[in-house]
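Working notes, beginning with the structure itself.
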Amino acid sequence: MIIRQAREEDVMQISEIVVEDWKTAYRGIIDDDYLDSLSAEQRYQIEIKRYQKYTVAVENDEVLGCAWNEMADDGAADCEIIALYVKYSKRGHGIGRDLMINSMDSFRKAGKKSMIIWCLKDNHESRKFYEKMGGKEYKDGTHRWGNREYNMISYLYPLNLTEEIVR
């Protein structure tokens, strides 16, 4: 497996992973009507405009997961992982960890000091992963999908310490 910058030819696979993850991981958290309305083709139209923001984990031309990194100005955090997805059938093989470590290393090289990632508060599987990766609960918020607001939680990672925690 290699981690590299996303390419245009990766966009459909990224879209499929995002939609599959949403429909699987968020079932019972986000309204079924909203989840059922998602499609990879629709998501492709969104992701084709921003695929350069993603890094992807790839094996034999198959995208196994992706991470979207951004600079941030949150006060406590100067960078953010906006999205982190792993193909559902490939979870538990270290792909998410490797993508996250890659993002942290990239941020460190850019001189960033503290990273944030947001998560649905009721997404206990992801929360457990972010905590295992060394994140500390930071602040709450909300986000709207469809016709409803959902509770969110963020995790803060001091990048000068995280390297020792997650490796």
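The values are calculated or read from the model by the stated rules, or taken from the named source; none is laboratory data. Since we're looking at a predicted model, the values are computed, not measured. Every residue, glycine as well, gets a Cβ built from its backbone with ideal geometry; the counts of neighbours run over all protein chains shown.
Within region 37-52, the set of residues being free of Cβ contacts under 8 Å to residues at least 40 places away in the same chain and assigned to a helix (DSSP H, G or I) comprises ALA40, GLU41, GLN42, ARG43, TYR44, GLN45, ILE46, GLU47.
Looking only at region 70-104, residues that are in contact (Cβ under 8 Å) with a residue 40 or more places away in the chain, farther than 14 Å from GLN13 by Cβ and of a type in the set (D, E, K, R) come to 3 in all. Scanning region 85-93 finds one or more residues that are out of contact with any Cys (no Cβ under 6 Å at 6 or more places or on another chain), assigned to a helix (DSSP H, G or I), modelled with pLDDT under 95 and of a type in the set (D, E, K, R). Here is the figure for region 68-79: residues that are surrounded by 15 or more Cβ atoms within 10 Å (Cβ to Cβ), within 16 Å of TYR54 (Cα to Cα) and in contact with a helix residue (DSSP H, G or I) (Cβ under 9 Å, 6 or more places away or on another chain) total 3. From the list ILE117, ILE101, ILE82, ILE95, which one is within 13 Å of the chain's Cα centre (by Cα), surrounded by fewer than 17 Cβ atoms within 10 Å (Cβ to Cβ) and β-branched (Val, Ile, Thr)? On inspection, the qualifying residue turns out to be ILE82.
What about ALA67, is it touching a Leu at 6+ places or on another chain (Cβ under 9 Å) and in contact (Cβ under 8 Å) with a residue 24 or more places away in the chain?
So ALA67 passes the test.
Being within 26 Å of ARG108 (Cβ to Cβ), part of a helix (DSSP H, G or I) and touching a strand residue (DSSP E or B) at 6+ places or on another chain (Cβ under 8 Å) holds for only one residue in ILE3, ILE14, and it is ILE14.
Among what's in region 123-164 and is among the small types (Gly, Ala, Ser) and out of contact with any Asp or Glu (no Cβ under 8 Å at 6 or more places or on another chain), pick the residue that is farthest from ALA76 (Cα to Cα).
The residue in question is SER126.
Every condition in (1) more than 14 Å from the chain's Cα centre (by Cα); (2) at pLDDT 95 or above; (3) of a type in the set (A, V, I, L, M, F, W, C) is met by ALA76 except one, and the failing one is (2).
Number of residues in region 120-143 that are in contact with a strand residue (DSSP E or B) (Cβ under 7 Å, 6 or more places away or on another chain), buried (at least 18 other Cβ atoms within 10 Å of the Cβ) and not in a helix (DSSP H, G or I): the value is 4.
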